[in-house]
Structures are given as structure tokens and as C-alpha cells.
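Worksheet for the structure shown next.
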There are 2 protein chains.
Amino acid sequence: MTGRTSFSVLRSRMSPESQAQAHEKSLALKGDMALAELRRAMRLSQEELAAALNINQASVAKMEKRTDMYVGTLRRFIQAMGGELDIIARFPDRSIKIDQFGDR
Amino acid sequence: MTGRTSFSVLRSRMSPESQAQAHEKSLALKGDMALAELRRAMRLSQEELAAALNINQASVAKMEKRTDMYVGTLRRFIQAMGGELDIIARFPDRSIKIDQFGDR
């Protein structure tokens, strides 16, 4: 993660009021989302996320429009927002977490 | 999905005894798994999964060794076993299902 600024670092630079608002907002999250919706729900701009990922804003915009990407790329995107990626294989009687992709 | 044989079709060709065993086995699934472990737990051979995916056994073997792959590829792999892929962004206070990658 060298050279990256995580969301938690970005958040620590926010005022206590903004932090509280961000927390309230995150509690209100629900339903399925695309990456851009999730970023907005976390009250992050493309520029902020780009800084956290050490890429430029245009690259974030491009990623948010993709309909497929590598699991590793998706994981870094979500981690930059302060989250973790879980890959779940869901069967009628059980759900299994797949741990083959960089989370072992 | 043209040309593919799903796991449910494969399973319907199994004897009732094998079906019951497979079901029992799936109920016993637990913990995190790599794709090869999951396949074995579902009592599928690489050949059977290859047939369901319309690829050859060597390609299945190769996929099972990969530490990164496209979300779409992973989804097809899991669907061929009769499951669905869920992509979850997990935050300390909430988990969000990401629906951007071919499941909308």
C-alpha cells in the first residue's frame, strides 16, 4: 500500500462534524450498488478516491463505468474506500467465501 | 449460456443415492475455500466442470491456480457449479452488495 492514502487517513482529515455526517450516511446505506453509487454514499469524490489509489481522476471515472474488472483491481478500489472485498459463492443451502484472490 | 451444461443438469444425471450424498456433503461445507476446494466439496471433477463451461480440463486446472481473474470469469465458474457469485463491499458498520458486474 506504499504511496497510497487510505480512506481512513482521508477521513481523519475531515472535521468532526463531517465525520459524524459521513458515519450517519454510511448507516443509511442499503440495497445493491454500483461502485460510483457506493463512492457517493461514502461521500468521497472521484478526486479523493484517485488520491487514495495513487491514480488520476479520469482513471477512477473509467473504472466506475466498467462492467468487468479483475478481482484484485476491485479489491483495491473498495479498500481505498475503507472497506474489504468479500467474494461469495452462494448456493441454495449455503454460502461459501472464496479466499483464492489475494486475501489469504 | 448456449452450449453449456449446468451443474443442475449434470446432477439430474446422478443416481438418487449420489444426489443425496452430494446434498449431505454440501450441507457440511464451511469456512473459506479456494475454487478447487469448492469444486471438490461439490463432488465435481475438473472434467465435469470443464464440460459445464464448454472448455477443456486443462483450462479448469489453470483457472483453479490463478490468484486473480476477471469477475465475469469467476461468475461463470461458480454458476457452472450451480451457484451465484455475490460481490460484497464490507465496511465496519455495513455490507453492500456490488451489482455492477454482469448481475444487473
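Rule-based calculations on the coordinates, nothing more; no lab input. Bear in mind that the values here come from a model prediction, so they are computed numbers and not experimental data. So basically every Cβ, Gly included, is an ideal-geometry build from the backbone, and we count neighbours across all protein chains shown.
Each other copy places its own label point for B:S95 at 0.4 nm from this one, sorted shortest first, where the point lies 7 Å along the Cα-to-beta carbon line.
What you get for the stretch A:63-104, charging only the Cβ of Lys and Arg (+1) and of Asp and Glu (-1), is a dipole of about 80 debye around the Cα centre.
Label-point spacing at B:A58 relative to the other copies reads 4.1 nm, in ascending order, each point sitting 7 Å out from Cα along Cα→Cβ. Label point of A:D32 (7 Å along Cα→beta-carbon): distances to the other copies' equivalent points are 2.5 nm, sorted ascending.
The label-point distance for B:K97 and A:Y70, in a model that sets each label 7 Å from Cα toward Cβ, rounds to 2.8 nm.
On a 19 Å Cα-Cα criterion, which of the cross-link pairs A:K65/A:K97; A:K65/B:K65; A:K97/B:K65 come out too long?
Details: A:K65/A:K97 26 Å; A:K65/B:K65 29 Å; A:K97/B:K65 17 Å.
Over 19 Å Cα-Cα: A:K65/A:K97; A:K65/B:K65.
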